[in-house]
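Asks: Dropping the structure in here first, questions after.
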Amino acid sequence: VASKVEIHVPDFIPLKYMRNMPEKYTASISSNHTTAVIFIIDQSESMSQATELNGVRYDYMSDAVASIVNRQIETMLHSCVEDGAVARKFDIAVIGYGEYPYSAWNGKLSGKGFVSPGLLMACGKPGEKYRWVDPNDSGKDSRGDLAFEQARILLEEWMSHQKNRYYYPPTVIHI
């Protein structure tokens, strides 16, 4: 059974920020109407503090954040499996920042910008929990402004590849 996501975009989002959208204010996320998702993660020194999330105590906030992002990516990937194949409904980027922004993917994905669902699934080992993002709290400063600039650059490049195609407006999640 193919999954479909439909979200109503309220009138208060200025039209100048919506590109290549149908005339009406609804859009579906699918292989034909893809989207981009960027996670921007604070990986500065402040993330070395202990925290509790959903009844689980973490020695470091960076562990909680990595857990949240990895779990969310895994949930998103499940929506891409259709009839045993992996549909490309979105591209995902993870930007970490402390003193400067960088690709926060680990392992084989290290240094990459946007990554497809197929590549994400290929980088996981069968029978093991997927872990695309590692905890990090090594950045001394917290330069979120530079991370958002990096996200803007990635999104402009992604949208330039979507010319003459409808797509769902990109989503940026800052943690």
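Asks: Rounded, prolate or oblate for the range 30-169? Axes are the square roots of the Cα gyration tensor eigenvalues, ordered a ≥ b ≥ c, and the cut-off for rounded is a/c under 1.5.
Replies: On the way: a/c = 2.23, a/b = 1.32, b/c = 1.68.
Since a/c reaches 1.5 but b/c is at least a/b, the shape of the range 30-169 is classed as oblate.
Asks: Evaluate the distance, in nm, between pseudo-label points positioned 7 Å from the Cα of residue 31 and of residue 160 along their respective Cα→Cβ axes.
Replies: Those two pseudo-labels are separated by 2.8 nm.
Asks: As an exercise, use a Förster radius of 30 Å and the Cβ-Cβ distance of residue 56 and residue 173 to find the FRET efficiency, rounded to the nearest 0.05.
Replies: Numbers: r = 20 Å, r/R0 = 0.68.
My answer for the efficiency is 0.90.
Asks: Can you list residues from other chains, or at least 5 along the same chain, whose modelled amide H is less than 5 Å from the amide H of residue 90?
Replies: Close amide H contacts, sequence-distant or interchain: 35.
Asks: Give me the net charge for the shell around residue 144: Cβ to Cβ below 12 angstrom, other residues only, Lys and Arg +1, Asp and Glu -1.
Replies: On the way: positive: 143; negative: 42, 99, 141, 145, 149.
Taking every other residue near residue 144 into account, the sum is -4.
Asks: Sorted by average packing, counted as other Cβ atoms within 10 angstrom per residue and highest first, what order do 93-106, 71-84 take?
Replies: On the way: 93-106: 21.4, 71-84: 13.7.
The peptides rank, most packed first, as 93-106, 71-84.
Asks: Taking H placed 1.01 Å from N in the peptide plane, check which residues at least 5 places from residue 60 or on another chain put their amide H under 5 Å from its amide H.
Replies: Sorted by chain and number, the residues that satisfy this are 51.
Asks: Right, here's the next one. Around residue 95, which amide H atoms from residues at least 5 apart in sequence, or from another chain, sit under 5 Å from its own amide H, with H modelled in the peptide plane?
Replies: Hits under the 5 Å cutoff: 39, 40, 41, 104.
Asks: Sticking with this structure for a sec: Under a 1.4 Å probe, what is the accessible area of the range 35-98 per residue, stated in Å²? All intermediate terms of the calculation are to be shown ahead of the outcome.
Replies: Numbers: 2730 Å² over 64 residues.
With the other protein chains kept in place, the range 35-98 gives 43 Å² per residue.
Asks: Enter the accessible area of residue 143 (Å², nearest 10), with the probe set to 1.4 Å and all protein chains included.
Replies: Roughly 90 Å² of residue 143 is accessible to a 1.4 Å probe.
The values are calculated or read from the model by the stated rules, or taken from the named source; none is laboratory data. Given the structure is predicted, the values throughout are model-derived calculations rather than measurements. Positions of Cβ are generated from backbone atoms using ideal geometry, with glycine treated the same way; all protein chains shown enter the neighbour counts. Protein only, heavy atoms only, side chains kept; ligands, DNA and RNA dropped before computing areas. Shrake-Rupley method; radii C 1.70, N 1.55, O 1.52, S 1.80 Å.
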